[in-house]
Amino acid sequence: MKKLNEILGTEFPFIQGGMANIATGEFAAACSNAGALGMIATGGWDGDRLRQEIRRAKELTDKPFGVNLMLMSPYADDIARIILEEGVQVVTTGAGNPGKYISAWKDAGIKVLPVVAASVLAKRLVSLGVDAVIAEGTESGGHVGEMTTMALVPQVIDAVDVPVVAAGGIADGRQAAAAFALGACGIQVGTCLLASRECPIHDNYKQAVLKAKDTDTVVTGRSVGGPVRVLKNKMAREYLALEKRGATLEELEHVTLGGLRRAVLEGDTEHGSVMSGQVAGMLHEIKPVRQIFEELYSGGKAVLEATGREWL
Ligand SMILES: Cc1cc2nc3c(=O)[nH]c(=O)nc-3n(C[C@H](O)[C@H](O)[C@H](O)COP(=O)(O)O)c2cc1C
């Protein structure tokens, strides 16, 4: 089975995970220039904004980069079309089933890697011709499923005959090596890149990630079928209390409306949606993205080479 860097033409077998309102064209280009596959996240952007960001990335890198389509977006159809028009080389998709777009993208020679949280969706999408799947565990930041990376990745690998990328809970070489030991062809990371110099989030957001302990994230939105992992703060506590009381979707949406923008742009880490994965507790300093990818690579290599360890 091919390694992810061979499939994507990157230096490292790593994808910078799409992050809504964070992964701009400039950030994606920085990650591509640092040896991974940079991804522009579309989140709730409209088509014009995406076009601008793709053009910005093209100005800043000659390396491959891709676009992450958030399937819950009201602009999903437009975005799927602009991906074709702008000659994007790689697409990942999040939060849903991208089935209706796959044949047009494949006809255009685009590499398609949907994010899945269960093997049943992986199987269905592989039958539609995707190039690989990204199996994302519930340790991740942002929208999550129920299964852990450790349980999910091998079961997806057993279910499909395309390469599988592991995502969720990977922030150092030990975890990268574990993903490869499970049979993944590469990894996708998000949370560890929040603590990067190039990441365009407010400094308060970065500091909140650096301060977080292992147990400081929580999943909101389970009761309404939209689970999202965030750092615990006033907003998350209020949301969870409302969910416990059986609040309506409208009441819940009132709490989160504009929450990601409040955290990312205004640095309001108490009333904003500070999306982060469980690995936040492992992050202690802000580093350039190149250093983060180099350390993941060299750390993972060292662990895999140390297989002379005694088993018992
Ligand atoms: C702040 C944040 C925002 C995210 N937004 C998106 C998104 O818009 N689309 C998507 O497919 N995944 C999104 N993700 C998931 C990442 O792309 C990636 O799969 C995940 O972060 C990997 O797990 P990790 O956080 O443990 O590294 C987001 C993750 C974070 C931390």
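So here's what we get for this one:
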item: Count of segment 78-121 residues which are assigned to a loop (DSSP other than H, G, I, E, B) and closer than 17 Å to HIS143 by Cα; result: 6
item: Filter pass, TYR239 being away from the ligand (no atom under 15 Å from the Cβ) and buried (at least 17 other Cβ atoms within 10 Å of the Cβ); result: yes
item: The one condition in (1) in contact (Cβ under 8 Å) with a residue 12 or more places away in the chain; (2) in a loop (DSSP other than H, G, I, E, B) that VAL209 fails to fulfil; result: (2)
item: Checklist (1) of a type in the set (Val, Ile, Thr); (2) farther than 15 Å from ALA167 by Cβ; (3) buried (at least 24 other Cβ atoms within 10 Å of the Cβ); (4) within 11 Å of the ligand (Cβ to nearest atom) applied to VAL116, failing item; result: (2)
item: Any hit, segment 126-135, residues being within 11 Å of the ligand (Cβ to nearest atom), within 16 Å of GLY186 (Cα to Cα), open to solvent by less than 30 Å² (accessible area, probe 1.4 Å) and among the small types (Gly, Ala, Ser); result: yes
item: The lone exception for ASP107 - which of (1) under 13 Å from the mean Cα position of the chain (by Cα); (2) away from the ligand (no atom under 13 Å from the Cβ) it fails; result: (1)
item: Identity of the residue in segment 14-26, touching a Leu at 6+ places or on another chain (Cβ under 8 Å) and open to solvent by less than 10 Å² (accessible area, probe 1.4 Å), that ends up farthest from the ligand (Cβ to nearest atom); result: GLY25
item: All positions within segment 145-168 that are buried (at least 23 other Cβ atoms within 10 Å of the Cβ) and either in a helix (DSSP H, G or I) or within 12 Å of the ligand (Cβ to nearest atom) (or both); result: THR149, LEU152, VAL153, VAL156, VAL165, ALA166, ALA167, GLY168
item: Matching entry among ALA95, ALA36, ALA80 (being within 16 Å of the ligand (Cβ to nearest atom) and open to solvent by 20 Å² or more (accessible area, probe 1.4 Å)); result: ALA95
item: Segment 27-54 residues that are over 27 Å from GLN291 (Cβ atoms), paired with ones that are open to solvent by 10 Å² or more (accessible area, probe 1.4 Å) and of a type in the set (A, V, I, L, M) (beta carbon under 6 Å, 6 or more apart); result: THR42/MET70
item: Residue tally, condition within 12 Å of the ligand (Cβ to nearest atom), outside any loop (DSSP other than H, G, I, E, B) and open to solvent by less than 20 Å² (accessible area, probe 1.4 Å), over segment 170-187; result: 3
item: Segment 51-77 - residue that is in a loop (DSSP other than H, G, I, E, B) and over 30 Å from PRO227 (Cβ atoms) and, of those, nearest to the ligand (Cβ to nearest atom); result: PRO64
item: Selection count where residues are touching a residue at least 40 places away in the same chain (Cβ under 8 Å) and touching a strand residue (DSSP E or B) at 6+ places or on another chain (Cβ under 7 Å), scope segment 147-163; result: 2
item: Cross-chain or 6+ apart pairs with Cβ under 7 Å, segment 251-262 first and free of Cβ contacts under 8 Å to residues at least 40 places away in the same chain and under 19 Å from TRP45 (Cα atoms), then in a helix (DSSP H, G or I) and within 16 Å of the ligand (Cβ to nearest atom); result: GLY259/MET235
item: Among residues of segment 240-259, those that are basic (Lys, Arg) and more than 15 Å from VAL219 (Cα to Cα), counted; result: 1
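Table: residues versus (1) more than 15 Å from the ligand (Cβ to nearest atom); (2) more than 18 Å from the chain's Cα centre (by Cα); (3) surrounded by fewer than 20 Cβ atoms within 10 Å (Cβ to Cβ).
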| residue | (1), (2), (3) |
| --- | --- |
| GLY267 | no, yes, yes |
| GLY277 | no, no, no |
| ARG290 | yes, no, yes |
| THR307 | yes, yes, yes |
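The values are calculated or read from the model by the stated rules, or taken from the named source; none is laboratory data. A quick note: this is a predicted structure, and the numbers were derived from the prediction, not measured. Reconstructed Cβ throughout: ideal geometry from the backbone, glycine too, with neighbour counts over all protein chains shown. Remember, those area values only see protein heavy atoms, side chains included, never the ligands or the DNA or RNA. Shrake-Rupley method; radii C 1.70, N 1.55, O 1.52, S 1.80 Å.
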